[in-house]
Every structure is written in structure tokens, then in C-alpha cells.
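Okay, structure first, notes after.
We did not get these values from a lab; they are worked out from the coordinates using the rules stated. All values reported here derive from a predicted model rather than from experimental measurement. Counting neighbours? That spans all protein chains shown, and the Cβs are built from the backbone with ideal geometry, glycine included.
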Amino acid sequence: MKFNVCVAGATGNVGRTMIKILEERKFPVDRIRLLASSRSLGKKLVFRGAEIEVEELTLDSFEKNELILSSPGGSVSKWYIPSAVKAGALVIDNTSAFRMNSGVPLVVPEVNPHAAFKHKGIIANPNCSTIQMVVVLKPIHDFAKIRRIVVSTYQAVSGAGIAAIDELKKQSKALLEGSQYEPSVFPHQIAFNCIPQIPQKKAFSDNFYSEEEMKMVNETKKIMEDPTIAVTATTVRVPVVTGHSESVNIETERKLTRTKTIAILKEAPGVTVMDDPENQVYPLASFAEGKNSTYVGRIREDISHKSALDMWIVSDNLRKGAALNAVQIAELFL
Ligand code: NAP
Ligand code: 3JM
């Protein structure tokens, strides 16, 4: 069984990582097409050693039975995906455009693979911060039932696109040299700073939460298939290029010890426990970059509550947080 694959948004951070992961995992690709905006016409990208010319994404770019791995941004996804579905393609979309629509499965293969098979042409890939959190929390929820999640994120700039990486690097260099670099991607200086507003520049909701925070709240309930889990989030951009980190506190119905939690997580698919505090072993973004696992450490019983835990969760936001999860969804259909 081989697929005709199309990467929409191929020239971006996520699209380029998708191409790499299709290669690494030897996904059965019959023919691949790489699509982006008209700005990229003439560009070439390499897949399995062959140079492939980037084509422009248009409303009639797609064919029956084509598998589309999509990451051209939310508004572009909203614009083109309905016609791709009409043409008979299956779209795995990495944007927030369709995630909360009923009838669109929101899938993390380690958590709710069964949901993928109910698709009507679109399967949504969750937000990067949600994915790495639920991979770790699902096995704990199955054992001890999570009542409430309090999460704070430390998110890498690569989650905001190629231009954001460029801004962090150039601004850091300028500041170290004693000169200035005006922000244009971020609303404030990101070098040597933390910005509690994701997405950058988008207005906060009426409840004063950011869009990214509300994604974590709503997506977690949908993927875990449990609307009763209470979730609150604070999402923060930090001057890291790749790798999101999260401080997570959970209250559980059944009391869990540190030892039992570690035992559960050691068996969890897609999760690696890195927890040896005596030897300063805990997950780091610099370690997670380029790897496929989600790392968890700093696991401890919360001293302020009778049945709660704290932990630190780190993963590569472009891999498990985006491209890898999308390719794993496609692999469910092999
Ligand atoms: P990026 O590096 O800025 O790349 C954006 C990509 O979208 C480029 O390939 C760009 O093509 C393409 N694009 C932009 N406008 C287009 C248009 N009108 N028609 C066709 N293609 C267009 O951003 P990124 O980091 O790859 O992220 C892209 C999107 O993926 C985000 O906006 C977000 O929705 C989603 N995302 C999802 C996750 C996740 O699943 N968890 C994580 C990060 C990002 P050009 O090079 O031609 O401009
Ligand atoms: C991650 O078009 C946009 O505004 C895209 C913003 C964006 C998203 C999104 O909403 O799709 C940037 C980075 C995401 C995401 O995964 O939710």
C-alpha cells in the first residue's frame, strides 16, 4: 500500500520537518508533491535524495485519495481544505482551523487512535503544547482520574515560524553587541526575555486568556474524551529555538505516589522518563530537540495538596508537537 502524498506549507518549519520525518520513518510514499504560496515558486526541496520543485497551492491542487499533510496557517487551511475534501483527499491538518469542529477527529495516536477512523475527510493535529502534555497525562488519567490540570508553558520560538527564529537570533546578536533590534514578529523583545502572549500579537479573549491557553483547555478535553477535566493554562514564549517545556500540576481522584507515577510513565507509549534529581537528570529542550519522544521528569508529590503531582514535560515542538504526530496519524491508516 502506497500513498500519493502532498505537503501543503512545505517550505515552512513544520512542512520541512514533515518531509524529513516521512523519509526517516520510511512512510510508503508513491508520489510526493510540495505546495506553498506563490512566493515559493521555483524553490526546490529534497525528498529521498531527489530535488522536487515547489508548486503553488490553489483550490484545484488536489486529487482523489491523495493524503495531504497540511500546515500553511489557519486562514489558508480554512480557505483550501473544503475543496480538497470535495476532491476526495484525506487532509491531516496541523492548524487550529478545524480542531474543535464536531465531526473532525483531533488525534494523538498514543491517546485516542480510534477517533481517527471517524473522519469525514479531515483529521486535525492538536496544538504542540497540548500534544506533549496529553501523551504524558493520558496513562495517569486512566489509572487515577485527573480532576484538574494547571499548566505553565515555556515555548520555543520555532513554534511561531521561520521568521521568529530569525528574529531571536538577530536580536540576541544585536543586544550582545550593544545595538538595537526592533521586534517585528513578536510584540516585545524576545531575546533574554519571556513573553506571556501566544500567539504573538493576537488579542486576548474576553476572559483574559490567550488563544494558545484556550487551545490547551479545549483540546485537552476533546482528546482525552473527558469534558469534566478542569484545565487552566498560562502560555509563555521563551528565547529557546526548539523544544517546548511545561510545568504541569495535576490533581487526581486516586492518590498517586512518585514511585507509582514513574512506574506508569515508564510503560507509556511515546514517553521517556528522565528523572534522577540526585544526578541532575531531568528533561531539557536542548536534549529533546531532534528527538521523537516526549520527556518527563521532576516528578513529585505536591506538598500543598493531598492528591496532586508536579512534573516537567519537554518535547520537540516541530516533531511530536507537529510533524511527527501528523505522520503517526497517517501511519494509523497503513
Ligand atoms: P512558517 O515556517 O512560517 O511556514 C508557513 C508555511 O505556510 C510556508 O510553507 C508558507 O509558504 C505557507 N503559506 C503561507 N501562506 C500561504 C498561502 N497563502 N498559500 C500556501 N501556502 C502558504 O510556519 P510553520 O512553523 O511551518 O507553521 C505553519 C502553520 O502550521 C502554523 O501557522 C500553524 O497553523 C501550524 N502549526 C501547527 C503546529 C501543530 O500542529 N501543533 C505547530 C506549529 C505550527 P511560503 O514559504 O511560500 O510563504
Ligand atoms: C501554531 O494562521 C495562524 O494564525 C496560525 C497560527 C498558529 C497556529 C494555529 O492557530 O494554527 C501558529 C502556531 C498554531 C497551532 O498549532 O495552533
Response to the item:
Using alpha-carbon positions, the gyration tensor of the chain gives root eigenvalues a ≥ b ≥ c; with a/c under 1.5 called rounded, otherwise prolate if a/b exceeds b/c, else oblate, the class is oblate
Worksheet item: Which Cα, out of Ser245, Asn279, Gly321, lies furthest along the positive dipole direction of region 189-327 (beta carbon charges, K/R +1, D/E -1)?
Response: Gly321
Discussion item. Which of Pro183, Pro105, Pro283 ends up with the largest GNM mean-square fluctuation for the chain, with Cα atoms connected below 10 Å?
Written reply: Pro183
Worksheet item: Ranked highest first by average number of other Cβ atoms within 10 Å, how do 47-57, 323-333 line up?
Response: 323-333, 47-57
Worksheet item: Points 7 angstrom from Cα along the Cβ direction at Glu23 and Val236: gap in nanometres?
Response: 3.7
Response to the item:
The local net charge around Gly121, scoring Lys/Arg +1 and Asp/Glu -1 for residues other than Gly121 whose Cβ lies under 12 Å from its Cβ, equals +2
Worksheet entry | the chain, relative contact order in percent, only Cα pairs under 8 angstrom and at least six apart counted | 18
Discussion item. For the ranges 7-19, 142-154, 34-46, what's the packing order if you count other beta-carbon atoms within 10 Å of each residue, average per peptide, and put the highest first?
Written reply: 7-19, 142-154, 34-46
Item to complete: Just flag the trypsin sites (Lys or Arg not before Pro) in region 202-259 sitting in loop per DSSP whose Cβ has no more than 14 other Cβ atoms within 10 Å.
Response: Lys202, Arg254, Lys255
Discussion item. Within 15 Å, Cβ to Cβ, of Ser307, how many net charges do the neighbouring residues add up to if Lys/Arg are +1 and Asp/Glu are -1?
Written reply: +4
Worksheet item: Counting other Cβ atoms within 10 Å, which chymotrypsin sites (Phe, Trp or Tyr not before Pro) in region 204-255 have at most 14 and lie in a DSSP loop?
Response: Phe204, Phe208
Fill in: Cα gyration tensor, region 199-326 - rounded (a/c under 1.5), prolate or oblate
oblate
Worksheet entry | Computed over region 213-285: relative contact order in percent, which uses C-alpha pairs under 8 Å that are six or more apart | 23
Worksheet, complete the sentence: Of the DSSP H helices in the chain, the ones reaching 18 Å or more along their long axis in Cα terms and averaging at least -1.0 in Kyte-Doolittle hydropathy are 74-86, 128-144, 162-176
